[in-house]
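Everything below concerns the one structure shown next.
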Amino acid sequence: MTNLKPFDPNDIDETLTRVVTHGGATHLLFPYIDATGKAPTFHSINCVIDGPTATIEDFATLSALVKKGREPGEWFLSFNTPWLMTASDGKNIRQRAPDQRSKRD
């Protein structure tokens, strides 16, 4: 994939999360693709919130959980989809030269 960009978990906002009510609790979910194993898998990190919408404090709590969950990998964003990559894959992605395709006029 050539469209992956480094992602800071402190930048998590409502565009990257979902609010879900299940089992009497409301959860703030951060869905992502875990590419640290043999094949990419879909996962999510969540925290329980009070009320139907997330607060700034809820996003801060979720960001802390996401930072903790990335070890030993690195977070990247492809369009609006977070990916957890291994540290070696992350290094390779950052070292890639920018796309030198010609621009249309």
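The values are calculated or read from the model by the stated rules, or taken from the named source; none is laboratory data. Just so it is clear, the model here is predicted, and its values are computed rather than measured. FYI the Cβ positions are ideal-geometry reconstructions off the backbone, even for glycines, and counts take in every protein chain you see.
Table for the structure above
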read-out: Counted residues, the range 1-12 - those being in a loop (DSSP other than H, G, I, E, B) and among the aliphatic types (A, V, I, L, M); value: 2
read-out: Cβ-Cβ under 8 Å pairs, at least 6 apart or on other chains, the range 29-47 side farther than 10 Å from THR17 by Cα, far side of a type in the set (S, T, N, Q); value: ILE33/THR41; ILE33/THR81; ASP34/THR41; ALA35/THR86; THR36/THR86; CYS47/THR61
read-out: Flag for THR86 being surrounded by fewer than 16 Cβ atoms within 10 Å (Cβ to Cβ), under 12 Å from the mean Cα position of the chain (by Cα), among the β-branched types (Val, Ile, Thr) and modelled with pLDDT of 70 or more; value: no
read-out: Single condition GLU14 does not satisfy, out of (1) at pLDDT 90 or above; (2) out of contact with any Phe, Trp or Tyr (no Cβ under 9 Å at 6 or more places or on another chain); (3) exposed (fewer than 14 other Cβ atoms within 10 Å of the Cβ); value: (2)
